[in-house]
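The values are calculated or read from the model by the stated rules, or taken from the named source; none is laboratory data. Everything quoted here is computed from the prediction, not taken from an experiment. Counting neighbours? That spans all protein chains shown, and the Cβs are built from the backbone with ideal geometry, glycine included.
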Amino acid sequence: MEISDRQLPMLFRGRQLQVQRGSVAVRTASGAAPVGFDLAIDGTSVNAFAADPTLGDLPAAALPGAFTASLRGSHTLEVTSAGNLAPAAPLPGDTSAIDADKLTDILIAVDYRLV
C-alpha cells in the first residue's frame, strides 16, 4: 500500500508529521475472533490483537515502528497465518487464505501531529 499526501487532509500535506499512535484493526463477523491470525506489516509480525475501545472495541494491535517512522511511502501488508479466519472447507480451486465471511475488513488507524 502507498501512503502519500493524497491520503492526508490538506492541512497536513507537504508538512512534517510525527506519529503519536498507530494501530491495525480487524473487523470480523460476529463471533469470529482473530485467534492465530498473523499479519506481516513491513516485514514485522503483528498478531497480538485485543479489543481497542478507541476503535469501537475492534480487535487491534500496534503498528510496527518501521511503519510509523515512515508514514508516507510504500508499506507491505501480508497475511502470514489466517488462524481461525481461514475457510473451514475451501471450494475446489479456491486458494483464498481468508474466509471473506469471517474477516470483513482490515483498518489502519494513525494518530499524528504536526512537528
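From the list ALA66, ALA61, the one residue that fits, being at pLDDT below 95, surrounded by 12 or more Cβ atoms within 10 Å (Cβ to Cβ) and either outside any loop (DSSP other than H, G, I, E, B) or touching a helix residue (DSSP H, G or I) at 6+ places or on another chain (Cβ under 7 Å) (or both), is ALA66.
When the residues of the stretch 88-115 are filtered to those that are over 21 Å from ALA32 (Cβ atoms) and touching a residue at least 60 places away in the same chain (Cβ under 8 Å), which remaining residue is surrounded by the fewest Cβ atoms within 10 Å (Cβ to Cβ)? Here the residue is VAL115. Please find, among ASP101, ASP111, the residue that is among the acidic types (Asp, Glu) and in a loop (DSSP other than H, G, I, E, B). Exactly one residue qualifies, and that residue is ASP101. Before we move on, is ALA50 of a type in the set (Gly, Ala, Ser) and touching a Phe, Trp or Tyr at 6+ places or on another chain (Cβ under 7 Å)? So ALA50 fails the test. Report yes if some residue within the stretch 18-41 is without any contact (Cβ under 8 Å) to a residue 60 or more places away in the chain and over 17 Å from LEU85 (Cα atoms); otherwise report no. Yes - at least one qualifying residue is present in the stretch 18-41. Filtered by the rule that a residue be more than 30 Å from VAL115 (Cβ to Cβ), modelled with pLDDT of 95 or more and of a type in the set (Gly, Ala, Ser), the stretch 15-37 gives a lone residue, GLY36.
Here SER74 fulfils each of the conditions (1) touching a Leu at 6+ places or on another chain (Cβ under 8 Å); (2) farther than 22 Å from ASP99 by Cα; (3) among the polar types (S, T, N, Q) apart from (1).
Each residue in the stretch 82-115 was checked for being of a type in the set (S, T, N, Q), farther than 25 Å from ARG21 by Cβ and modelled with pLDDT of 90 or more, and 1 pass. Scanning the stretch 28-46 for residues that are outside any strand (DSSP E or B) and closer than 17 Å to THR104 by Cα gives ALA29, SER30, GLY31, ALA32, ALA33, PRO34, VAL35, GLY36, PHE37. When the residues of the stretch 6-27 are filtered to those that are part of a helix (DSSP H, G or I) and surrounded by 10 or more Cβ atoms within 10 Å (Cβ to Cβ), the one that is nearest to the chain's Cα centre (by Cα) is GLN7.
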